[in-house]
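Take a look at the structure below.
The values are calculated or read from the model by the stated rules, or taken from the named source; none is laboratory data. Keep in mind that this is a model prediction, so the values were computed, not measured. Virtual Cβ from ideal backbone geometry, glycine too; neighbours counted across all protein chains shown. All accessible areas refer to the heavy atoms of the entire protein, side chains included, with ligands and DNA or RNA removed. Shrake-Rupley method; radii C 1.70, N 1.55, O 1.52, S 1.80 Å.
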Amino acid sequence: MSALPAYASTGQRIWHYTFRYVICGFILFFLIAPILTIIPLSFNAEDFFTFTPAMLSLSPEGYSLKHYHDFFTNGDWQQALKNSFLIAPAATVLSTALGTLAAIGLSQSHVPFRRAIMAILISPMIVPLIISAAGMYFFYSRIGLQGTYWGVVLAHAALGTPFVIITVTATMVGFDRSLTRAAASMGADPVTTFFKVQMPLIIPGVVSGALFAFITSFDEVVVVLFLGSAGQKTLPWQMFTGLREQISPTILAVATIMVAISIVLLSVLEMLRRRSERLRGLSPS
Amino acid sequence: MSASTTASSNSSISGSADPLTKDGQPLKRSLARALRREKLRALFLIAPLLIFILISFVLPIGDMLFRSVENKIVEDTLPGTVRALASWDADSGELPDEAVFAALADDMMLAQEVKIHTRLGSRLNYDQPGISSVFRKSGRKIKALDNETAQAGFIAIDPAWDTPDAWTALRSMAAWPGKFAATAQSWKNWEAWYLSEEKEALDPTTTVPHGFTYAALYHDLASMPASDITALANSKNTTAVALFKQLAGKIDTIGNDDFKAQFADIDKGWADIDNWQAIQRLSPRIVDSYFLAAIDAERTSEGIEQKPDNERLYLKLFVRTIFMSLIITGSCILLGYPVAYLLANLSVRASNMVLILVLLPFWTSLLVRTSAWKVLLQQQGVINDLLVWAGVINEAGRLVMINNMTGTIIAMTHILLPFMILPLFSVMKTISPTYMRAAKSMGASDSLAFWRVYFPNTVPGIGAGSILVFILSIGYYITPELVGGTTGVFISNRIAYHISSSLNWGLAAALGSILLILVLALYWTYDRIVGIDNVKLG
Amino acid sequence: MKIIYGLTGAFALSAVALAASAADELPACENCVDELTIVSWGGAYSNSQIEAYSKPYSALTGVEIINDESSNEAVPKLRAMNEANNVTWDVVDVVASDAIRLCDEGLAMEIDADEQLAAAPDGTPASEDFGDLLVSDCFIPQIVYSTTFGYRTDVEAWGDNTPEDVCAVFDTATFPGKRALEKRPINNMEWALICDGVAKDDVYDVLSTDEGVTQALDKLATIKDDVIWWSAGAETPQLLADGEAVIGSTYNGRLFSVIEEQKQPVAMLWDAQVFDLDGWIIPEGLSEERKNRALHYIKFATDTQRLADQSKYISYGPARKSSAPLVGQHAELGIDMAPHMPTDPANATNTFLYNYEWWADNRDDLDAKFQSWLAQ
């Protein structure tokens, strides 16, 4: 479907366009509808998640930047933002590195106790979060990790690894093992083989796994509520307190800022990719 | 997932006479060594993560889940009572006898000193509503119990009972603690009480115990046949011989504070047989009461029974949790597959733009997205407003799309959809377009080529995505709590309640264990029936 | 939240002034650590405590105060800390029913009110000044709040009727629309019985029987289809502001904020409001030095003037009788706070006394029945 061939019939054309613009369009709209909702609400002049009549009539009085002002001037929010960006990347690196290695190990042909090992490794995903949180809280308190930066990072890394394992093994299923054998027969050592042959092929799996791991930590509230103390208060924690204690569109302002940052970041990455493609003389397909 | 090719065996090698490799080694041995090396390498790769997960996760969770059967608090708090109560016939319709109440007085004296009696009360209250106030109210009044009648009785028979020597002699007898189980327990309580009250260890050569221990001794002696007392009077220890000679035949004159009546005065709960049955039932150190509660059952005098209809909750919630998770997984496949397909088949440039749309919600906090769905779905919300404006529904017919099952399904599908799209996309990307072209060139129609060639290749992606989505949804609780109302909440919401609100961690652990077993069983079945590798080959 | 930010600067001055006036009364803390971790709920409530208690205390003593917003998880966290023998909190703000639970579990230490707390300015001992509000040996009450109803004042379907008493909640004919109720049996069961003709004094006797429970649930069943169940206190204000619910229960301070600070078309229904308490506990298992510091802080923070000060920032009533005359004006809005206190005589004409003891015994059991009823 990448490009509709010139000989496509009318039926094929109709299906092609219906699929692409109606079905996928609807689903993509479903995906971003909540974001489209929160952006205007974050400029609400009132302290509620409500489209006020003033907003609907597009009157300037209905809108204000006060929630953004609150976010930028409030030390609690700034500290929470900082903590989130200190914790999530560390947890992601840890879980992606360990998870990718283990996934490669697991996809070898002869792994003893494979099923049991797999069950253990994905257990952080299976156990209800609240049980994990209480159990880890209890255990981490005893070994003095509760309320510390590394305690939260280790817990989040543990929660993130199943995603890396699952996505990487899924790409490994389609991996043609003769490629590594070919590389080995041509004299490449296992490390070179891994980085030159295997890695490029499983990289989509690793990236999506890392993304899941990052989000798991970045958006995680239950475990951090338990394992963190005042010094590890992350954005979700701050948001959670906000939703519980006093609803304020500040959390919508934060979300909007996050969306804006990620759009910029992803666009820059995309631009860089195109640039490097051009430099390498590859025309964008 | 179960991605390996464990099935591919090397059975073809065995059977024939051992061929040799080039360097003269038997091929079998050489292969075995290679196999071993491969196994080791695999384990070596897995080990770091395995160790990490075992220590940082499995151990703590195992510890937590063990609470679903662990119940040592009753015996630890009321050791003497539990021992004395073991012989009580719960169906007799009578309260336990005086010996049990004496032991209770003794145990409670220590328990209130170290402030653990109310903790036991709250534990028992999970199974026996109302008992926690019995313990709470008894705490302070225990100190005022009359407990010296037995002590006075012993001293009246022989003033030597007022000396530490008497107790030292008693404790050095061969029959201690065997014949004096209640007294020995009471002595331990006394030592602990003394340590807590005086902040120093008891010196048995200078003090005699408090009245409760004499009462325990009285009950031990009263329950012995006369021949035993005669036997004690003939033991080797001379001090003890003197003591027991005096006692022989006079046990009945020692007397006893009526603890049963005193307890009934403190709180009428102590005269309630139901409470005693509960204590006896919950005496063992390992109990099944939490698991029974987790499946809406209880142990009554007639055995294990289902709870009355108006108290059943958990089985219904388990079924609902699984049912809704399946629906959510299904909707994720339905919505995720087309988008992943689109992503995999667009030009890199276009697909990256679409990918940004898919990833954007991901960058938005779950709490925010859930709040956004509230704004969209509620009766005075955006969607209803639009529908009324467009004339599709009238003002009175606003749709109820939130605070029920629909709300949970919509919000969770949205939250989990990227977990379906991304694995699908990464699998679809590895499928070469030449497969489809080949099929079509051989005359297959579009749909035939898709279903027979393309789709089977994407099954590992569907498998990975479904497992992710299903398992994640089964354990969610924040979103259902916010948008689920009463019909859209999951079992995890109850687990969370028992962990953070009722402190009934035993029940939470039992519910969590059942959930865990269910998920593992489903995963196992899935692996057996669908078995990703097999489907791919078929 | 906004209130507090506008305020910080202005209030720093008065904090210093306060510090000066209280300095001679506050004896030095002997054998104490110089750091204090205070756990509270976060949001506007924490801010009111920081302004009224913590800032003046820090100014007087130089003690560094760390604020942790974990009160919502306080009960399980304290239990785990206690089991791990690693208690990291010094003073924890909890509601009374949680304090009773913590005390029962041996997780909070007992505090002798007369010995450890300041007497009233006229010399009345603390135990008398707090009176019945000392519902547990481990609990020092701080504020009286009430769970009560707010309703929208612009509901067309109601015509000229305004809700006069709590039974309006159960009257869907006169007052159609969605109701917001808390997703737990406490309070709802009592209101249901009162509106089903049970005398206030008999409520807990009736509720102690199976028939009574059924009666209450049956009454609630008459409005079940019209109820939105909330679990966080901030939900009802949002629902009322949206018009998604027309009447709903929540804490009176939240309603004050909706009505006076956010100027929404909402009014307060003080009828059959259920008084509840929020206050401090000190965890069991602190070292001597930390315990001394915690007690020193509590003594300061629960004296007559400090409790009265807190009501400048939030509309909850001080728990001491002697603080009531000292309640002044809202720190930013400048309105008199006394009429907004749940304890104000005009508001407290028909209040309902929540029976802590009864709920401590029956909470687990009734909750199971209530949740089972909800799930049907």
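Mind listing whichever residues of segment B:330-341 are at the interface with chain A (Cβ under 8 Å from one of its Cβ atoms) and open to solvent by 10 Å² or more (accessible area, probe 1.4 Å)?
B:Leu335, B:Pro338, B:Tyr341
For a quick check of your reading: which helices (runs of 4 or more DSSP H) sit entirely within segment A:13-75 and have at least 3 residues that are within 9 Å of another protein chain (Cβ to nearest Cβ)?
Because the criterion is at least 3 residues that are within 9 Å of another protein chain (Cβ to nearest Cβ), the helices (runs of 4 or more DSSP H) in segment A:13-75 that meet it are A:24-41, A:66-73.
List the helices (runs of 4 or more DSSP H) inside segment B:221-281, counting only whole elements, that have at least 3 residues being within 49 Å of the chain's Cα centre (by Cα) and at pLDDT 90 or above.
Working: elements: B:226-233, B:238-247, B:251-254, B:259-266, B:273-281.
Correct list: B:259-266, B:273-281.
B:Ala396 versus (1) away from chain A (no Cβ under 13 Å); (2) at pLDDT 90 or above; (3) open to solvent by 10 Å² or more (accessible area, probe 1.4 Å); (4) assigned to a helix (DSSP H, G or I): which is the lone unmet condition?
(2)
Find the residue count for segment A:179-213, including only residues that are open to solvent by less than 30 Å² (accessible area, probe 1.4 Å) and modelled with pLDDT of 85 or more.
4
Kindly indicate whether C:Ser127 is in a loop (DSSP other than H, G, I, E, B) and on the phi < 0 side of the Ramachandran plot.
It is false that C:Ser127 is in a loop (DSSP other than H, G, I, E, B) and on the phi < 0 side of the Ramachandran plot.
Which of the residues belonging to segment B:49-78 are open to solvent by less than 70 Å² (accessible area, probe 1.4 Å), assigned to a helix (DSSP H, G or I) and within 26 Å of B:Ala293 (Cα to Cα)?
B:Val58, B:Pro60, B:Ile61, B:Gly62, B:Asp63, B:Met64, B:Leu65, B:Ile73, B:Val74, B:Glu75, B:Thr77
Just to be sure, is A:Gly99 touching a Ser or Thr at 6+ places or on another chain (Cβ under 7 Å) and either within 12 Å of another protein chain (Cβ to nearest Cβ) or aliphatic (A, V, I, L, M) (or both)? Working first, answer last.
Numbers: touching a Ser or Thr at 6+ places or on another chain (Cβ under 7 Å): yes; either within 12 Å of another protein chain (Cβ to nearest Cβ) or aliphatic (A, V, I, L, M) (or both): yes.
Yes: the conditions hold for A:Gly99.
Sort out for me the strands (runs of 3 or more DSSP E) sitting completely within segment C:1-113 that have 2 or more residues that are crowded, with 16+ Cβ neighbours inside 10 Å and either touching a Pro at 6+ places or on another chain (Cβ under 6 Å) or at pLDDT 95 or above (or both).
Result: C:35-39, C:91-95.
Could you run through segment B:79-104 and say how many residues are surrounded by fewer than 24 Cβ atoms within 10 Å (Cβ to Cβ) and within 29 Å of the chain's Cα centre (by Cα)?
Selection size over segment B:79-104: 6.
Mind checking which residues of segment B:435-470 are without any contact (Cβ under 8 Å) to a residue 12 or more places away in the chain, among the aromatic types (Phe, Trp, Tyr) and more than 30 Å from A:Val164 (Cβ to Cβ)?
B:Trp451
Please name all residue pairs, on different chains or six or more residues apart, with Cβ atoms under 8 Å, provided the first residue is in segment B:355-377 and is more than 7 Å from chain A (Cβ to nearest Cβ) and among the polar types (S, T, N, Q) and the second residue is part of a helix (DSSP H, G or I) and crowded, with 22+ Cβ neighbours inside 10 Å.
Hits for this filter: B:Thr370/B:Ala411; B:Thr370/B:Ile415; B:Thr370/B:Thr479; B:Thr370/B:Leu482; B:Thr370/B:Val483.
Name every residue in segment A:131-143 that is more than 7 Å from chain B (Cβ to nearest Cβ), open to solvent by 30 Å² or more (accessible area, probe 1.4 Å) and at pLDDT 85 or above, in order of residue number.
A:Ile143
Just for segment B:342-364: of the residues that are polar (S, T, N, Q) and either touching a helix residue (DSSP H, G or I) at 6+ places or on another chain (Cβ under 6 Å) or outside the structural domain of B:Met420 (by TED's automatic domain parsing) (or both), which one is most open to solvent (accessible area, probe 1.4 Å)? Don't jump to the end; show me each part of the working.
Going residue by residue through segment B:342-364, those that are polar (S, T, N, Q) are B:345, B:347, B:351-352, B:364.
If we keep only those that are either touching a helix residue (DSSP H, G or I) at 6+ places or on another chain (Cβ under 6 Å) or outside the structural domain of B:Met420 (by TED's automatic domain parsing) (or both) too, we end up with B:351-352, B:364.
Numbers: B:Ser351: 10, B:Asn352: 34, B:Thr364: 2 Å².
Top of the filtered list is B:Asn352.
With segment C:201-310 as the region, which strands (runs of 3 or more DSSP E) entirely inside it contain at least 3 residues that are open to solvent by 20 Å² or more (accessible area, probe 1.4 Å)?
C:266-281
Given (1) modelled with pLDDT of 85 or more; (2) under 18 Å from B:Pro460 (Cα atoms); (3) not in a helix (DSSP H, G or I), identify the lone condition not met by A:Asp176.
(1)
Identify, from the list B:Ser68, B:Ser87, the residue that is touching a Phe, Trp or Tyr at 6+ places or on another chain (Cβ under 6 Å), hydroxyl-bearing (Ser, Thr, Tyr) and over 17 Å from A:Ser95 (Cβ atoms).
Just one listed residue meets the conditions, B:Ser68.
When you scan segment B:448-525 for helices (runs of 4 or more DSSP H) that lie fully inside it, which ones turn up with 2 or more residues that are within 30 Å of C:Asp226 (Cβ to Cβ) and open to solvent by less than 10 Å² (accessible area, probe 1.4 Å)?
Those helices (runs of 4 or more DSSP H) span B:478-483, B:491-500.
Return yes or no: is B:Leu377 in the same structural domain as B:Leu468 (by TED's automatic domain parsing) and open to solvent by 10 Å² or more (accessible area, probe 1.4 Å)?
No: the conditions fail for B:Leu377.
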